[in-house]
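Visitor: Quick one: the structure is below, questions incoming.
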2 protein chains.
Amino acid sequence: MANTKNVEQITSMDVDFAQWYTDVVTRAELIDYSGVKGFFVLRPYGYAIWENIQAELDRRFKDTGHENVSMPLLISESLLQKEKDHVEGFAPECAWVTFGGEEELEERMCIRPTSETLFCDHWARTVRSWRDLPKLYNQWCSVLRWEKSTRPFLRHREFLWQEGHTLHATAQEAIEETERMLDVYADVYENILAMPVLKGLKTDKEKFAGAERTYTIECMMHDKKALQSCTSHYFGDGFARAFDITFADKENSLQYPFETSWGFSTRSIGGVIMTHGDDNGLVMPPRIAPVQIVVIPVASHKPGVLESARELRDELKRAGLRVNIDESDNSPGWKFAEHEMRGVPLRIEIGPRDIEAGKCVAVSRVDGTKTEIPIDTAPERAKQLLDAAHELMYTRAKARLDENTRTATTMDEIKTIVTEKGGFITTAWCGDEACEVKMKEDAGVTSRCIPFEGEKPSEICPVCGKKAEKTIVWGVAY
Amino acid sequence: MANTKNVEQITSMDVDFAQWYTDVVTRAELIDYSGVKGFFVLRPYGYAIWENIQAELDRRFKDTGHENVSMPLLISESLLQKEKDHVEGFAPECAWVTFGGEEELEERMCIRPTSETLFCDHWARTVRSWRDLPKLYNQWCSVLRWEKSTRPFLRHREFLWQEGHTLHATAQEAIEETERMLDVYADVYENILAMPVLKGLKTDKEKFAGAERTYTIECMMHDKKALQSCTSHYFGDGFARAFDITFADKENSLQYPFETSWGFSTRSIGGVIMTHGDDNGLVMPPRIAPVQIVVIPVASHKPGVLESARELRDELKRAGLRVNIDESDNSPGWKFAEHEMRGVPLRIEIGPRDIEAGKCVAVSRVDGTKTEIPIDTAPERAKQLLDAAHELMYTRAKARLDENTRTATTMDEIKTIVTEKGGFITTAWCGDEACEVKMKEDAGVTSRCIPFEGEKPSEICPVCGKKAEKTIVWGVAY
């Protein structure tokens, strides 16, 4: 059946990156703007990407000893208010429930913007002894933050995520957990999503409400802007004190435990799109692509072609690959464009002459390379080509990140880079929040992180001229 | 490490079934009563059961062509009001959001009690042609209904579920889908949860708000009460008309499509507990048990015992089984009681003499049978024993259902059964709602379903004495 959908061109990235992004998200049917203002529908293709990311994360969480749980959707106001910094950070963007059925609630409740308070409330009732620790919990859910303006995947009023919450007997152990989970995230970004990462600590100004430390992964998008891609927080014993969570240690003396939390959301899908996409649409990293291979029968009316194409599809599926076949009566050109738009990593064309020669033609979405592969080793060869596509995607993104990360020592240098080149700028920093504020005002960039690696470019803070203890990375962020 | 937890006895089922249920749910650490009133925490063991049920359902949904999506959490009031019967049914139990941050909303929004209106809103924007049909969607999420009184798993203000929503070109196709998904549910209940089912149609009085037909699966609990265990709804084109969803058919004439929805929730876990549990605690159906086998080293201080026990555990794990080992220094008696309480289907004891003889001892949670099995074929034998446990659980539950399903032809007979025996009562029925109301008033039972199978016990309705066209099953329900 011929598809009647209007194959509209998408806006070129170079003409209007924001419009390109919106075009891709809607044309590839990842998202629909819901009739409920500020909310989005994740359509099957978009949700399937999330399911594949979930599977990769969930396996790693379980391998590192974490257990999934489910906490309530609502938080009563008094519970939210127990930790002072936390409520200050989140209350202004909470959605409030005031009526249950026809009755006005005695105490209003917010829809969880994040669930630290709920985990603490549970632990205060259930943790008693050092034997109960550590608690290594995770929750898959959605959270709600009443954003003024929204963009698909990048900023939703409601977004899907996982939130890990853990409780430990010592600060050291909690810090190790915070860093371990950042590494798990980095592993998924690099080895699954083919996105190189910049890891570091957030400044006090940028850290999570209530945290002692926030670790972050920052990625560079195609337009050289930064995407804060996930975070991991160390809370010290602040929440434990606020919620009166104590445990008896081995000497039977009461102690406050130490807490962490860490989250990874559907925002990552926005990162995938803006890292790998091109003017033909999405480019899906092979390891999370809902469809890794599309088989296109060429001259499918000729005897035996459809049968051979289906056999090939079945053979690839049996090898554990995610495969579709396009048997529609659309033209080959239309099909190529459509599956390119949807970012399918590998297209395999098979026609009468291929079948005669016992081969088929694999075309990579990443760089258009055509590879003739024998039909009888197609599954193995397809896997190699998918791995190669992943590597190429990573390498390209890494080159872009490296090329567009520059050091600077003076405000003039910084301003020149911002206006002429964009990207990340590494400088020294005195550690003073006032200099972050001034940097934003004067150069239009915010601090992305205090990176784990890299040398300090100078000994003085380019903003105030005072002695600089730290290295910091600046950028324009989503 | 010795566990300091107070091993409290649970109330006997016969003494107080409701208290037995609460004891099991809390002592087995399935659930914690949240500090947020009316809400529950699903703890790791409880959530793991749900994850296993999810995996079984999700695989079946995908095998029958369904795709997962994610719809918004909130429904604006005007959207909820589009279908008259639906809003009448659900508005009284909605939680209402009236503030976003510090601003009062122009239009209040409810937290989804179910998502028909959201799927319809999406389809009204995206469905155009017969080529777009059918839409076979599913969503994993939680929904919220402001219940006055709650019970773990059975009645939560918020509960986890899946809701399937589908859209079809013809009524026939939609009805087939409604019935197909009921069969998928029955398959999971019988072959995964080891729970026999009674399938049928709900009466008009009991059907879902807005549905033309509601199909139901009713299960009988240990106390002979009925649990409505899941439902599947056929909506006709009512929602399509209310939301103005139309498609161009092959002759290019505009038509209204036909809709279904079907849901399966964490309530099923309550059903599992009340079907299979006993005075020693939970009895988990092997196919969803978070831990299928617990290995208990006996005299573990003796050389080689712990090593052999761990090897056995690893061997069982490699065979794809879910296995724990209990290496704690609690007494064997304490360990046996604890893992029985948690319903682990198979306990494998291994001590010095067993190791010498190349065997171990498997003890079934269902009936306490001890089986000596050779260590070198342990995985295979364990699988057989788990399958046998499943069969025995099903057979026992089926016998209870059959024994406690009785026919009756007069009100006196019905009342006698209700007061002296309990269980399900099959009678003839005139089809009049007034007779359902009277049956509830006079005999204290409600209609469970119009069953698919079984003969009509008489030709007249026992309530009104009029001619009866239908067969109906009555019971006391959770």
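FYI, it's all coordinate maths here, none of it is from the lab. On a predicted model such as this, the values are computed, not experimentally measured, just so you know. Heads up, the Cβs are rebuilt from the backbone with ideal geometry, glycines too, and the neighbour counts pull from every protein chain shown.
Visitor: Counting other Cβ atoms within 10 Å of each Cβ, which chymotrypsin sites (Phe, Trp or Tyr not before Pro) in segment B:295-394 have at most 14 and sit in a DSSP loop?
Guide: Filter output for segment B:295-394: empty list.
Visitor: Taking every residue in B:72-80, how many Cβ atoms of other protein chains lie within 10 Å of its Cβ, on average?
Guide: The per-residue average across the peptide is 5.
Visitor: Just add up the charged neighbours of A:Ala434: K/R +1, D/E -1, any other residue whose Cβ is under 14 Å from the Cβ of A:Ala434.
Guide: Local net charge: -2.
Visitor: Per residue of chain A, what 222 nm ellipticity follows from adding -39500 (n - 2.57) for every DSSP H run with n ≥ 4, rounded to the nearest 500?
Guide: -11000 deg cm²/dmol
Visitor: Right, something else. Checking the cross-link filter: which lysines have an alpha carbon closer than 27 Å to that of A:Lys383, excluding same-chain neighbours under 8 positions apart?
Guide: Here the lysines satisfying the reach criterion relative to A:Lys383 are A:Lys62, A:Lys317, A:Lys335, A:Lys359, A:Lys370, A:Lys398, B:Lys62.
Visitor: Taking the convex hull of the Cα atoms, report for segment A:405-475 its projected area averaged over all directions, in nm².
Guide: 3.9
Visitor: Nearest 10 degrees, 0 to 90: what angle lies between the long axis of helix B:332-341 and the longest principal axis of chain B (Cα atoms)?
Guide: Helix B:332-341 and the main axis of chain B meet at about 10 degrees.
Visitor: Got the relative contact order for chain B handy, in percent, Cα pairs under 8 Å and 6 or more residues apart?
Guide: After rounding, I find 14 percent.
Visitor: Measure nothing but the geometry: give the 0 to 90° angle between the long axis through the Cα atoms of A:433-443 and the longest principal axis through the Cα atoms of chain A, rounded to 10°.
Guide: The answer is roughly 40 degrees.
Visitor: Using only the alpha-carbon atoms of segment A:293-386, report the extent along each of the three principal axes, biggest first, to the nearest angstrom.
Guide: Sorted from largest, the Cα extents of segment A:293-386 read 31, 28, 21 Å.
Visitor: Here's another thing I want to ask about it. If you take the beta carbon distance between B:Lys440 and A:Glu459 as r and set R0 to 60 Å, what does 1/(1 + (r/R0)^6) give as a FRET efficiency, to the nearest 0.05?
Guide: Plugging the Cβ-Cβ distance into 1/(1 + (r/R0)^6) gives 0.10.
Visitor: To continue, here is another question. Residues with beta-carbon under 9 Å from that of A:Ser447, excluding A:Ser447: net charge, scoring Lys, Arg +1 and Asp, Glu -1?
Guide: Net charge around A:Ser447: +2.
Visitor: Beyond 44 Å, what share of the Cα-Cα pairs of the protein assembly as shown remains, rounded to the nearest whole percent?
Guide: 39
Visitor: Subtracting the Cα-Cα distance from 0.36 nm times the residue separation, let me have the gained length for A:Arg155 to A:Val361 in nm, one decimal.
Guide: Full-extension gain reported as 70.2 nm.
Visitor: Could you list the trypsin sites (Lys or Arg not before Pro) in segment B:356-428 that lie in coil according to DSSP, counting only those with at most 13 other Cβ atoms within 10 Å of their Cβ?
Guide: Counting only loop positions with at most 13 other Cβ atoms within 10 Å, the trypsin sites (Lys or Arg not before Pro) in segment B:356-428 are B:Lys421.
Visitor: What list of whole percents do you get for P(r) of chain A, with Cα-Cα distances grouped in 10 Å bins up to the one holding the largest distance?
Guide: 4, 17, 25, 24, 17, 9, 3, 0, 0
Visitor: Could you tell me which Cys residues in chain A have no other cysteine's Cβ under 4.7 Å from their own Cβ, answering none if every one has a partner?
Guide: Isolated Cys, chain A: A:Cys120, A:Cys141, A:Cys219, A:Cys230, A:Cys360, A:Cys435, A:Cys449, A:Cys464.
Visitor: How many nanometers, to one decimal and shortest first, lie between the label point of B:Gly368 and those of its other copies, if labels sit 7 Å from Cα toward Cβ?
Guide: Reported distances to equivalent positions: 7.6 nm.
Visitor: Count neighbours as other Cβ atoms within 10 Å of each site's Cβ, and list the GluC sites (Glu not before Pro) in segment A:84-116 that are DSSP loop with at most 15 such neighbours.
Guide: Qualifying residues, ordered by number: A:Glu102.
Visitor: Any idea what the A:Glu176 label distances to the other copies are, label 7 Å down the Cα→Cβ vector, nm, shortest first?
Guide: Computed spacing set for this position: 5.9 nm.
Visitor: Simple spin-label model, 7 Å along Cα-to-Cβ: A:Arg131 to B:Glu147 in nm?
Guide: 3.3
Visitor: Going 7 Å from Cα along the Cα-Cβ axis for the label, what nanometre distances separate B:Asp314 from the same residue across the other copies?
Guide: Copy-to-copy label distances for B:Asp314: 4.0 nm.
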